[in-house]
Amino acid sequence: MSSHRQRLSPPEAKKVPFLMEIFGDKRLDNYHWLRDAGRDPDVQRYLELENKYAESIMSETNGYEFALFNELKARFKEDDISVPVRVGSHYYYQRRYLSKDYVQYCRRFIPNNEAPPSVYDIMPTGPDDPPEEVIIDEEVIKYKNSLENYRITAFKVSPNNKLVAFRENCGTVCVIDSETGAPAEKPIQGCLEFEWAGDEAFLYTRRNAIAEPQVWFHKLGEEQSKDTCLYRTREDLFDLTLEASESKKFLFVKSKTRVTGFVYYFDVSRPETLRFLPPWHLGIDMFVSHRGNQFFIRRSDGEFRSDVLTCPVDNTFETTVLIPHRERVRVEEVRLFADHIAVYELEEGLPKISTYCLPPVGEPLKTLQGGRTVDIFKSELCISRIHGIRDSQFSSSILRICFYTMRMPFSAYDYDMNTGISVLKKKETILGGFDESNYVTESKRAYASDGEEIPISIVYRKNRVKLDGSDPLVLFGYGSYGLGGVMILAVGFSWDGDCGPSSYSNSIASRLTILDRGIIFAIAHVRGGDEKGKQWHENGKLLNKRNTFTDFIACADYLIKSNYCSEDNLCIEGGSAGGMLIGAVLNMRPELFKVAVADVPSVDVLTTILFYPRKRDLEEWGDPRMEQFYFYIKSYSPVDNVKAQNYPNILVRTAYQDKLVPFYGPAKFVAKLRDMKTDDNLLLLKCRSDGGHRQMPGSVGRLRQQQQDAFKYTFILKALNMIHAPGSEQSRN
């Protein structure tokens with residue numbers, strides 16, 4: 001252990017009364033001044049005091065924290081690449097280094113690229129094979145341009161394989177020669193998304209000065225000022241997204257909210273305008289693909305209904321149902337190939353992928369018959385995604401499938417849709433003797449007060465737990481925006497191209513730190529997510545939002561009654577909207593929990609929406625400028641419900657630069673807790689000066705994230721009294 005610093009006293013934030021009144025209801029906020037960071041120097045001083053206090057409390061375990069950091073770091077390869085994707089005559093992939101925060105975008109030439117692709121193909125890397133070409137090195141660009149934080153957020157190869165377009169995190173799209181790396185175009189500014197429209201043009205989305213979403217057409221070689229605006233929406237509840245068809249012959253522009261969406265299509269061969277794609281119905285979301293003379297449309301509504309239709313390109317009203325709606329089955333994704341269609345479904349919440357042969361282009365297609373089910377899934381607790389090999393591979397029979405489980409790191413398979421043969425292309429490497437067979441996953445159900453079944457996913461290490469109530473357990477939750485807990489753990493993983501190295505594998509490797517110490521990990525799949533379909537989301541939003549919190553409490557009660565843990569060793573964790581979940585249940589049932597961790601938590605919900613009403617918040621929580629929503633949101637808003645009672649040990653982490661959930665919400669929550677709670681348990685606030693919301697809690701890069709994980713786990717183990725003298729801890733091998 002390192003030498004101890006003298007413990008500081010907990011900071012006391014000053015109180016500056018700020019009275020708010022609406023609908024005859026008065027709220028007194030003593031910490032509203034924390035919003036005035038630019039004008040009140042006391043804000044920065046208070047944050048510094050909180051950080052120093054947290055450092056003083058954790059200083060006695062600095063040595064242990066550093067050992068955990070080294071343990072986490074040792075689980076990762078120094079040099080790793082994503083799964084190579086074949087595009088024309090090259091394999092494209094990303095290379096990452098453990099000691100660096102930045103990515104290299106690379107490719108290798110395929111000597112026999114005229115041969116049809118096979119699941120047995122391997123990227124040649126021998127000394128006599130074509131060398132690796134580094135197309136873009138993020139680190140080189142960062143230092144060349146003296147940028148503090150640089151990221152490439154999209155990387156797309158032109159259909160003819162001659163150009164590469166990439167979007168920088170500042171919103172600039174650059175086009176370079178794929179052979180030489182030389183600029184092939186002046187940068188295009190202010191882009192949100194973009195897609196190639198043939199080899200000599202692309203479409204991009206942007207917002208104008210009053211934040212209206214727009215779609216623009218840019219032809220290579222012309223000034224951006226001459227670009228054509230193809231579409232704009234003046235409805236501030238709508239966003240625009242772009243997607244290219246697998247055939248690369250059409251682009252689709254979707255104007256959407258969280259509850260509905262309608263689609264326009266853009267014919268690459270006739271780039272004059274966007275055309276509306278009917279049929280459209282309010283409350284129905286649409287996802288469109290193209291093959292031959294047909295569009296394929298996947299539809300889903302606000303409940304659990306989904307189906308797949310086709311229609312002729314020249315008569316979109318003439319639809320044929322290929323896959324009808326079935327009870328308890330939801331079509332998640334469809335991938336088209338020249339001769340096949342692959343369908344990813346959730347059946348009773350479990351993944352299923354089926355492939356079907358398609359008739360030659362031009363022949364009638366009335367139904368799908370003779371499908372083949374992919375049989376590579378060996379765990380019921382897995383997430384999977386279809387990743388179709390793209391560009392020139394549209395004519396191939398190879399389907400790429402990426403998946404992972406709570407105990408298995410990211411894996412990618414190539415699956416031959418003609419033969420049913422699958423070949424593992426990559427399994428994420430976790431060093432340190434990791435063996436997935438040492439871990440057990442379970443699926444359980446808790447019952448909410450209204451009788452609804454709430455799924456719980458559980459993982460623990462064999463021979464390290466007793467399952468008699470004495471084992472510590474970390475319960476994770478999210479349940480908002482139609483995103484489930486497992487997907488939130490996978491934030492940062494890109495489904496769109498590289499299939500790894502994934503941050504989900506990082507979280508698996510990170511969790512080994514607690515699993516190997518005999519701590520159980522569980523996810524509460526509460527309402528507000530999408531684990532049971534869109535109705536699961538609907539039943540956990542707006543005037544049903546309290547279901548999210550009571551579901552989580554029901555899961556905690558179940559785990560205690562089933563002897564997975566007890567009130568003396570149950571820890572809870574959540575981030576962003578999941579941090580709001582943590583704050584809400586702490587106010588509702590604080591006696592259930594021993595430790596709570598809230599990362600970038602949205603805890604000042606009511607005041608934030610009243611002062612800054614954003615469409616995503618209005619759609620998810622409701623509009624508190626309406627009386628019914630005001631009092632409902634107030635009933636659970638964590639800052640507004642802190643009371644004089646005992647609370648467990650709490651760690652709150654935020655980022656000063658967080659624009660999505662500003663730091664002052666978490667800071668107000670901690671200040672009010674300090675003033676009102678009646679216990680002597682730990683309460684720490686950590687506010688980072690770098691990073692933002694999605695780099696929870698404010699850091700970028702794998703090494704920094706591992707440092708944050710080491711701090712979090714040290715706090716949890718400290719609160720559980722599980723930090724022992726060196727040599728006294730049980731073996732973790």
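Of all residues in the stretch 258-272, those satisfying the criterion of being of a type outside the set (Lys, Arg), open to solvent by 30 Å² or more (accessible area, probe 1.4 Å) and at pLDDT below 85 are Val259, Phe262, Pro271, Glu272.
Report whether or not Glu591 is open to solvent by 10 Å² or more (accessible area, probe 1.4 Å), under 25 Å from the mean Cα position of the chain (by Cα) and not aliphatic (A, V, I, L, M).
When the stated conditions are applied, Glu591 does not pass them.
Residue-level analysis places Val639 among those that are in contact with a Leu (Cβ under 9 Å, 6 or more places away or on another chain), crowded, with 23+ Cβ neighbours inside 10 Å and either among the aromatic types (Phe, Trp, Tyr) or under 16 Å from Asp29 (Cα atoms) (or both).
Quick one: in the stretch 427-450, which of the residues that are assigned to a loop (DSSP other than H, G, I, E, B) and modelled with pLDDT of 95 or more is least open to solvent (accessible area, probe 1.4 Å)? Among residues in the stretch 427-450 that are assigned to a loop (DSSP other than H, G, I, E, B) and modelled with pLDDT of 95 or more, the one least open to solvent (accessible area, probe 1.4 Å) is Ala448. For the condition surrounded by fewer than 16 Cβ atoms within 10 Å (Cβ to Cβ), over 18 Å from Phe262 (Cβ atoms) and at pLDDT 90 or above, Pro359 qualifies.
Every residue, every condition in (1) among the aromatic types (Phe, Trp, Tyr); (2) touching a strand residue (DSSP E or B) at 6+ places or on another chain (Cβ under 8 Å); (3) surrounded by fewer than 20 Cβ atoms within 10 Å (Cβ to Cβ), yes or no:
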| position | (1), (2), (3) |
| --- | --- |
| Pro279 | no, no, yes |
| Ser289 | no, yes, no |
| Ser306 | no, yes, no |
| Asp314 | no, no, yes |
| Thr320 | no, yes, yes |
| Arg326 | no, no, yes |
| Val334 | no, yes, no |
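Taking the stretch 38-118 and the strands (runs of 3 or more DSSP E) fully enclosed by it, the elements with 2 or more residues that are crowded, with 17+ Cβ neighbours inside 10 Å and of a type outside the set (Val, Ile, Thr) are at 90-97, 103-109. Look at Lys254 and say whether it is in a loop (DSSP other than H, G, I, E, B), modelled with pLDDT under 95 and crowded, with 19+ Cβ neighbours inside 10 Å. Answer is no for this residue.
Scanning the stretch 119-136 for residues that are open to solvent by 80 Å² or more (accessible area, probe 1.4 Å) and either among the aliphatic types (A, V, I, L, M) or not in a loop (DSSP other than H, G, I, E, B) (or both) returns a single hit, Ile122.
Screening the candidates Pro159, Pro130 for the property of being within 29 Å of Ser247 (Cβ to Cβ) and without any contact (Cβ under 8 Å) to a residue 40 or more places away in the chain yields one hit, Pro130. Residue by residue through the stretch 537-566, note down the ones that are more than 18 Å from Leu586 (Cα to Cα) and open to solvent by less than 10 Å² (accessible area, probe 1.4 Å). The answer is Gly540, Lys541.
Just one of Asn145, Asn208, Asn169 is within 24 Å of Thr273 (Cβ to Cβ) and surrounded by fewer than 15 Cβ atoms within 10 Å (Cβ to Cβ); which is it? Every option except Asn208 fails the conditions.
The values are calculated or read from the model by the stated rules, or taken from the named source; none is laboratory data. The structure presented is a predicted model; accordingly, all values stated were derived computationally and were not measured. With ideal geometry, Cβ positions are generated from the backbone for all residues, glycine too; neighbour counts draw on all protein chains shown. What goes into the accessible areas is simple: the full protein's heavy atoms, side chains included, and nothing from ligands, DNA or RNA. Shrake-Rupley method; radii C 1.70, N 1.55, O 1.52, S 1.80 Å.
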